[in-house]
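Enquirer: Just passing along the structure, written as structure tokens.
The values are calculated or read from the model by the stated rules, or taken from the named source; none is laboratory data. Everything numeric here is computed off the predicted structure, so don't read it as measured data. Every residue, glycine among them, receives a Cβ derived from its backbone with ideal geometry; neighbour counts consider all protein chains shown. The accessibility values were calculated without ligands, DNA or RNA, using every heavy atom of the protein model including side chains. Shrake-Rupley method; radii C 1.70, N 1.55, O 1.52, S 1.80 Å.
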Amino acid sequence: MIVLGFDTSNYTTSVAAFDGTRGHNISRLLDVEQGSLGLRQSEALFSHVKRLPELTDRLFSDLPREEIGAIGVSTRPRAVEGSYMPCFLAGHSQAQVIGSVLQAPVYEFSHQQGHIAASLFSSGHMELMDEPHLAWHLSGGTTELLYVTPDGVNVHAEKIGGTTDISAGQLIDRTGKLLGLSFPAGKQIDVLSQTAQDKTVFHVKVHGTEFSLSGVQNKVEQYHNGNAAETAGFALRCLIGAIVKATKNALQEYPCKVVFAGGVASNSLLREKCKQMPCIFCPPQYATDNALGIAVLAWRAHHAANL
């Protein structure tokens with residue numbers, strides 16, 4: 001049996017297929033004008049509607065239609081009351097149409113749950129789907145430290161920490177705009193930072209597992225002296241210092257594995273600084289927005305429903 005997955009976030013259009021063992025994800029970033037820090041929801045929704053036929057055609061080119069048994073889709077950012085973004089309507093609509101044509105059930109999940117599942121599957125730690133663990137969701141719109149517990153074939157994520165204002169991704173993208181980089185700026189900031197020589201850092205105040213990043217943005221603007229590599233390095237050192245400290249504090253109360261998900265989780269300096277803790281990082285392509293985690297969850301849900 002093959003299941004399909006759809007995820008239409010505010011940054012990326014993604015489609016995936018999963019057979020219980022192997023998965024294939026096809027993603028494409030939404031187009032953003034130079035100098036912009038993202039898209040309005042109406043623009044993102046329109047972009048997904050235009051992009052989905054192309055990606056779905058590519059996904060279906062090698063799939064035997066008769067083996068498609070179920071479809072999964074992300075319908076909201078988080079599995080909490082009031083969580084909603086119009087951009088997810090594009091994937092939801094596509095999934096419902098294909099489900100109707102193929103007479104296949106459609107399973108709905110949150111974008112955040114998909115991130116966690118993708119990280120666990122691609123890192124080889126699917127056992128944690130059935131065990132309590134910590135998870136960081138670090139992305140353009142979210143910086144949350146979660147306590148994750150099993151919830152049937154899915155997971156329940158309770159926020160226990162993170163940023164109190166702007167997200168890690170927003171800090172990175174605003175730094176990128178300051179340096180004249182294209183959006184999203186995560187990969188470019190990462191590469192630039194690797195040649196930085198200065199070790200200056202602004203120590204963010206971390207209260208338990210929470211911290212503010214708006215002050216870091218001001219410090220980055222003050223630090224910037226025209227050297228892109230040094231500015232990128234400074235911004236990342238400040239950000240990652242806060243994440244590492246909050247993680248250490250959380251581990252005192254929750255002594256378990258820590259899974260990293262979201263685009264910022266692909267950062268090389270973050271991975272280096274977390275080596276001495278029980279942290280799990282997935283391949284970078286599955287840290288960023290993708291539909292593979294949604295397909296994995298759909299496979300688990302459909303398998304359980306047919307036992």
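Enquirer: Going through region 228-307, which trypsin sites (Lys or Arg not before Pro) have at most 10 other Cβ atoms within 10 Å and a DSSP loop state?
Expert: Counting only loop positions with at most 10 other Cβ atoms within 10 Å, the trypsin sites (Lys or Arg not before Pro) in region 228-307 are K275.
Enquirer: Using a 1.4 Å probe over the heavy atoms of the protein chains, calculate the carbon and sulfur portion of the accessible area of the chain as a whole percent.
Expert: Details: 6790 of 13540 Å².
So the carbon and sulfur contribution to the accessible surface is 50 percent.
Enquirer: For the ranges 195-201, 113-119, what's the packing order if you count other beta-carbon atoms within 10 Å of each residue, average per peptide, and put the highest first? Don't jump to the answer; show the numbers that get you there.
Expert: Details: 195-201: 12.7, 113-119: 28.7.
Sorting 195-201, 113-119 by mean packing, highest first, produces 113-119, 195-201.
Enquirer: How large is ³J(HN,Hα) for each residue in region 197-209, as worked out from phi by the Karplus curve 6.51 cos²θ - 1.76 cosθ + 1.60 (θ = phi - 60°), to whole Hz, x for Gly and Pro?
Expert: 9, 5, 10, 4, 9, 9, 7, 6, 6, 10, 9, x, 10
Enquirer: Right, next: Across region 255-269, in residue order, what do the Karplus-derived ³J(HN,Hα) couplings come to in whole Hz, using 6.51 cos²θ - 1.76 cosθ + 1.60 with θ = phi - 60° and x for Gly and Pro?
Expert: Values, residue by residue: x, 8, 6, 10, 9, 10, 9, x, x, 5, 5, 8, 5, 6, 5 Hz.
Enquirer: Please identify the cysteines of the chain that lack any partner cysteine with a Cβ under 4.7 Å from their own Cβ.
Expert: If one checks each Cβ against the other cysteines of the chain, C87, C238, C256, C282 turn up with nothing under 4.7 Å.
Enquirer: Now a separate question. Would you mind checking the tilt of helix 292-305 against the longest principal axis of the Cα atoms of the chain, expressed as 0 to 90 degrees and rounded to 10?
Expert: Between helix and principal axis, roughly 40 degrees.
Enquirer: Work out, step by step, the length gained on full extension between H303 and D151: first 0.36 nm times the residue separation, then minus their alpha carbon distance; give nm to one decimal. Provide the component values of the computation, followed by the final result.
Expert: On the way: separation 152, 0.36 × 152 = 54.72 nm, distance 1.52 nm.
Contour length minus the Cα-Cα distance gives 53.2 nm.
Enquirer: Still on this model: Can you tell me the accessible area per residue over the chain, all protein chains present, probe 1.4 angstrom, in square angstrom?
Expert: Working: 13540 Å² over 307 residues.
With the other protein chains kept in place, the chain gives 44 Å² per residue.
Enquirer: For the pair D198 and L89, what calculated FRET efficiency results from E = 1/(1 + (r/R0)^6), where r is the Cβ-Cβ distance and R0 = 51 Å, to the nearest 0.05?
Expert: Numbers: r = 45 Å, r/R0 = 0.89.
Taking R0 as 51 Å, the efficiency between L89 and D198 is 0.65.
Enquirer: Kindly rank 202-208, 41-47 from highest to lowest mean number of other beta carbons found within 10 Å of each residue.
Expert: Numbers: 202-208: 14.6, 41-47: 17.1.
Highest mean packing first, the order is 41-47, 202-208.
Enquirer: If you don't mind, another one. Count the net charge of all other residues whose Cβ sits under 12 Å from the Cβ of G263, scoring Lys and Arg as +1 and Asp and Glu as -1. All intermediate terms of the calculation are to be shown ahead of the outcome.
Expert: Values: positive: K187; negative: D173, D190, D289.
Combined, the nearby Lys, Arg, Asp and Glu give -2.
Enquirer: Under 12 Å Cα-Cα from K257, which aspartates and glutamates qualify once same-chain neighbours fewer than 8 residues away are excluded?
Expert: In chain and number order, the partners are E127, E131.
Enquirer: Also, I was wondering about something else. Whose amide H sits under 5 Å from the amide H of G162, counting only residues 5 or more places off or on another chain, with H placed in the peptide plane?
Expert: When sequence neighbours closer than 5 places are left aside, the close amide H contacts are L145, E210, F211.
Enquirer: Report ³J(HN,Hα) in whole Hz for each residue of region 22-30, in order, from the Karplus equation J = 6.51 cos²θ - 1.76 cosθ + 1.60 where θ = phi - 60°; Gly and Pro get x.
Expert: 10, x, 9, 10, 10, 10, 8, 5, 6
Enquirer: If you don't mind, another one. How long is the chain along each principal axis, judged by its Cα atoms, biggest number first, in Å?
Expert: Taking the Cα atoms of the chain, the three principal extents are 59, 44, 34 Å.
Enquirer: Would you list which aspartates and glutamates come within 12 Å of K177, measuring only between C-alpha atoms, while excluding same-chain residues fewer than 8 positions from it?
Expert: E33, E221
Enquirer: Can you compute the FRET efficiency between L37 and K248 using 1/(1 + (r/R0)^6), with r the Cβ-Cβ distance and R0 = 30 Å? Round to the nearest 0.05.
Expert: On the way: r = 31 Å, r/R0 = 1.03.
With a Förster radius of 30 Å, E is 0.45.
Enquirer: Another question, then. Using only DSSP helix segments of four residues or longer, with each worth -39500 (n - 2.57), what per-residue ellipticity at 222 nm results for the chain after dividing by its residue count and rounding to 500?
Expert: Calculated mean residue ellipticity at 222 nm is -13000 deg cm²/dmol.
Enquirer: Residues with beta-carbon under 12 Å from that of R58, excluding R58: net charge, scoring Lys, Arg +1 and Asp, Glu -1? Could the numbers behind the result be given before it?
Expert: Numbers: positive: R28, R51; negative: E54, D57, D62.
Computed value for this residue: -1.
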